[in-house]
Amino acid sequence: MINELARKARKAARLLREREWRRGLRSGVAASIEHDRLPLRRDLRSVIDVGANRGQFALYSRVRFPAATIYCFEPLQAPRRKLERLFANDERVQLFAVAAGSAPGTSTRASRPLFDWAGFRLVRGS
């Protein structure tokens, strides 16, 4: 438990250093700064966030990839509303109220989340 609290405190301290990430925190969204460990080029021009949830990765990407346009796909209305508010006046973030799949078509999905952690959802079957 102490290690978990220390990890969260380190993350909070990092989030508070960056203006854009502080803005996210005020909206209840913590940037997914854990991706900083990955060897990703900083000069990307496009970022695709499938299952964008509330915008954790998009918020991180705004800082990590300063020249990129970020394309967010989130079909679920509740998290998408938070995402829409967070990036309402941001021309570099494009939002799409659709899901991505392996084939064209439509689908209805009913789910009851067991938990929601940084955009990952574990759901029970309907």
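Read-outs: derived from the displayed coordinates by stated rules, not from any lab. Keep in mind the model is a prediction, meaning the values are calculated, not measured. When we count neighbours, we look across all protein chains shown, and the Cβ atoms used for this are built from the backbone with ideal geometry, even at glycine.
The charge dipole of the chain, taken about its Cα centre with unit charges on the Cβ of Lys, Arg, Asp and Glu (plus for the first two, minus for the last two), comes to roughly 400 debye. Modelled this way, with points 7 Å down the Cα-to-C-beta line, the labels at L38 and Q94 are 2.0 nm from one another.
At an R0 of 25 angstrom, the distance between the Cβ atoms of A67 and R14 translates into a FRET efficiency of 0.65. A protection proxy built from the mean count of other Cβ atoms within 10 Å ranks the segments 89-96, 61-68, 48-55, most packed first, as 48-55, 61-68, 89-96. For the range 22-83 versus the range 84-98, the spacing of their alpha-carbon centroids is 10 Å. Of all DSSP beta bridges confined to the chain, the antiparallel ones make up roughly 35%.
Derived from the Cα gyration tensor, the three semi-axes of the equivalent ellipsoid of the chain are 24, 20, 14 Å, largest first. The I2 and Q77 beta-carbon pair, evaluated with R₀ = 35 Å, returns a calculated FRET efficiency of approximately 0.35.
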